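Read the structure below first, then the notes.
The values are calculated or read from the model by the stated rules, or taken from the named source; none is laboratory data. No experiment lies behind these values; they were computed from the predicted model shown. Note that we place each Cβ from the backbone using ideal geometry, even for glycine, and neighbour counts take in every protein chain shown. We work out accessible area using only protein heavy atoms, side chains counted, and drop any ligands, DNA or RNA first. Shrake-Rupley method; radii C 1.70, N 1.55, O 1.52, S 1.80 Å.
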Amino acid sequence: MHGQTSDYMASSRPYVSELSTIRGPLKEAGLERSQVPLTLMLLGKTGNGKSSLGNALLGCNESAEAPFQVKSGFVSCQEHEPRLEEGIIQERPVNIIDTPGVLDNVNNEQALDGICKAISLNPGGVTAFVIVLRADSRFTKEESKAVDQLQSLFGDKFWDHAICVFTHGDVALRGGQAAFESQLKIARQQVSNLDTILTKVGVRWLIVDCHNLGRSKLTEFVLMLDSVRSKNKGECYTNALFKEAQLRYAKANGPALLASLRKAKKELRELKEDYKQLKYKISKQLLEEKIKALEGKIKGQETQICKLHQDLADAIKPAAKKYCVLL
């Protein structure tokens, strides 16, 4: 194996040699070949290839018996909960958590609920968050929103545990590795959130073909995991870190939510006053629709604020919630 790895490193991208330098610190800390399972959480939009990547890492094809069933669209979002599967990657025990549909929610509260369920599957924490992007398609506005969600849900510590994997490499690499990296450089200049991801993860990214995930790519992937473990001295991203991130998010966003609620109530009062003075039926119908929509918005904000206050109170109690704080 050592001979194959060395040959691979010599002929592959230069950063692989940089990643390999972390093996020394891991060995000194007694973490190089720990049999404690590495826990990976796959994150990304539906269709980016999370489930396919999970199956490939576990050495499974996408048959009916595959650990992670590959589905698309509303089926993936609605019918599937986060799921954990155990396996082995290059003699290393792993837990892989798939999160179907979680980042498809533009609503932070719904996304948070999905993340809480995913984290609760392994209370010991997450070794690495695997951000899964498609290499053969545009980085969309929805994915930019998903990056913002990751930051708000997990906090700054998230990036210390993050790596990035581009899927659909069979298509993207038709012009060669250099051509893909050139395209990626241009994309980073044009899309700030894509640049944010790759700046935060540094050298910890790679491009793969999930249908043909060879030994060299698995070696590269394991090196990235070891880089994460070395950076964090073997510590996982725990539920405690997640709870701290949620408390910071609540404190930072609470005032803005209250201000938005006051503005909505003022607008509602003005609309109702206008409604009283209108004589035309058609105009009244249009205004009724606006009033109904605004009342629904206010009700939702009031519910969110009440929940926020309760969760903050629960979070500071000595007996904290077992898994996470829901905002």
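Here are some notes:
- Enumerated helices (runs of 4 or more DSSP H) restricted to region 162-207, each holding at least 3 residues that are over 26 Å from Thr238 (Cα atoms): 169-172, 177-190
Rundown of residues vs (1) under 30 Å from Pro123 (Cβ atoms); (2) in the same structural domain as Leu133 (by the TED database); (3) open to solvent by 40 Å² or more (accessible area, probe 1.4 Å); (4) not small (Gly, Ala, Ser), yes/no style:
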| position | (1), (2), (3), (4) |
| --- | --- |
| Leu194 | no, yes, no, yes |
| Val201 | yes, yes, no, yes |
| His211 | no, yes, yes, yes |
| Arg215 | no, yes, yes, yes |
| Lys231 | yes, yes, yes, yes |
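- Single unsatisfied condition, Gln183 versus (1) over 15 Å from the mean Cα position of the chain (by Cα); (2) crowded, with 18+ Cβ neighbours inside 10 Å; (3) not charged (D, E, K, R): (2)
- Test: residue in region 94-102 that is surrounded by fewer than 22 Cβ atoms within 10 Å (Cβ to Cβ) and modelled with pLDDT of 85 or more: yes
- Note on region 130-171: residues that are touching a residue at least 12 places away in the same chain (Cβ under 8 Å) and of a type in the set (Lys, Arg) amount to 3.
- Those residues of region 114-150 which are in a helix (DSSP H, G or I) and open to solvent by less than 60 Å² (accessible area, probe 1.4 Å), in sequence order: Gly114, Ile115, Cys116, Ala118, Ile119, Ser120, Glu143, Ser144, Ala146, Val147, Gln149, Leu150
- Note on region 233-275: among residues that are among the small types (Gly, Ala, Ser), assigned to a helix (DSSP H, G or I) and modelled with pLDDT of 80 or more, the one that is least open to solvent (accessible area, probe 1.4 Å) is Ala245.
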